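What follows is a set of notes on a single structure, which appears directly below.
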Amino acid sequence: MAANEDRSNARRTQIFKAAAAVFARQGYHGARMDDIVKESGLSKGALYWYFKSKEELATGLVNQMLTHESEALEAVVSNPEPAVDRLRFVSSSFARDLTENPEKASLTLELLSLARTVPEIRECFSSHHEHFVDQISRLLADLRGSRPSAPETRAAALALSALIDGMVLRWTLATPPFDLEKALRETIDALVQEASGPGE
């Protein structure tokens with residue numbers, strides 16, 4: 001039973017990797033299931049065994065990507081290092097990952113655009129964003145000596161989330177791209193100065 005489950009998980013990972021490459025290269029609407037079959041090296045029957053449609057596959061890919069991001073963020077937030085170091089690590093590792101894998105930003109924007117018409121994908125991104133803000137609130141609360149649910153802490157976490165999203169969008173569209181890691185580090189440092197004021 002465990003061997004079958006491992007094989008199934010490996011197949012899904014193989015399909016997700018192929019779908020990510022095809023969606024990033026051709027766009028969701030320009031991609032065909034046959035393109036993903038070719039990219040994955042699997043048979044068409046194997047692909048349709050796991051995913052009955054391109055929409056179902058895209059939804060699964062979004063789930064996988066955001067789950068991995070959430071797990072990585074939780075690991076950082078739960079680390080005993082000082083909160084300011086954890087915040088800087090979050091921004092640096094995030095920027096480095098995108099810089100080393102620039103297609104990831106384009107892929108995320110492509111999948112995010114589907115949230116307008118695919119409720120499951122909209123729910124995935126919405127839940128992920130809420131979770132991200134919750135985790136950042138925990139870090140900012142550590143800095144301020146306040147509660148994560150304190151209005152000013154929550155507002156700062158929402159602001160940081162919006163700043164990161166906006167900075168990544170600018171970086172994705174910029175020609176040539178600017179130093180995303182440096183820009184996010186400066187943003188974090190500026191916000192830290194604000195957030196480290198007196199708590200409640």
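The values are calculated or read from the model by the stated rules, or taken from the named source; none is laboratory data. Everything numeric in this text was worked out from a predicted model, so none of it was measured. Glycine gets a Cβ as well: all are built from the backbone with ideal geometry, and neighbour counts include every protein chain shown.
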Residue list for the range 22-52, filter: in contact (Cβ under 8 Å) with a residue 60 or more places away in the chain and on the phi < 0 side of the Ramachandran plot
PHE23, ALA24, ARG25, TYR28
If ARG170 satisfies every condition in (1) charged (D, E, K, R); (2) at pLDDT 90 or above; (3) not in a helix (DSSP H, G or I) but one, which is the exception?
(3)
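Going by what's in this entry, would LEU87 be described as touching a helix residue (DSSP H, G or I) at 6+ places or on another chain (Cβ under 9 Å), without any contact (Cβ under 8 Å) to a residue 60 or more places away in the chain, assigned to a helix (DSSP H, G or I) and on the phi < 0 side of the Ramachandran plot? Can you show your working first?
Numbers: touching a helix residue (DSSP H, G or I) at 6+ places or on another chain (Cβ under 9 Å): yes; without any contact (Cβ under 8 Å) to a residue 60 or more places away in the chain: no; assigned to a helix (DSSP H, G or I): yes; on the phi < 0 side of the Ramachandran plot: yes.
Spelling it out, it is not the case that LEU87 is touching a helix residue (DSSP H, G or I) at 6+ places or on another chain (Cβ under 9 Å), without any contact (Cβ under 8 Å) to a residue 60 or more places away in the chain, assigned to a helix (DSSP H, G or I) and on the phi < 0 side of the Ramachandran plot.
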Just one listed residue, out of GLU130, GLU181, is assigned by TED's automatic domain parsing to the domain that holds LEU66, closer than 25 Å to GLU81 by Cβ, acidic (Asp, Glu) and surrounded by 14 or more Cβ atoms within 10 Å (Cβ to Cβ), and it is GLU181
Are any residues in the range 85-110 over 25 Å from ALA174 (Cα atoms) and surrounded by fewer than 17 Cβ atoms within 10 Å (Cβ to Cβ), and if so, which ones?
ASP85
Taking into account only those residues within the range 35-64 that are under 14 Å from ALA115 (Cα atoms) and charged (D, E, K, R), which is surrounded by the most Cβ atoms within 10 Å (Cβ to Cβ)?
GLU55
Positions within the range 115-167 being touching a helix residue (DSSP H, G or I) at 6+ places or on another chain (Cβ under 7 Å), in a helix (DSSP H, G or I) and among the polar types (S, T, N, Q), in sequence order
GLN135, SER137, THR153, SER161
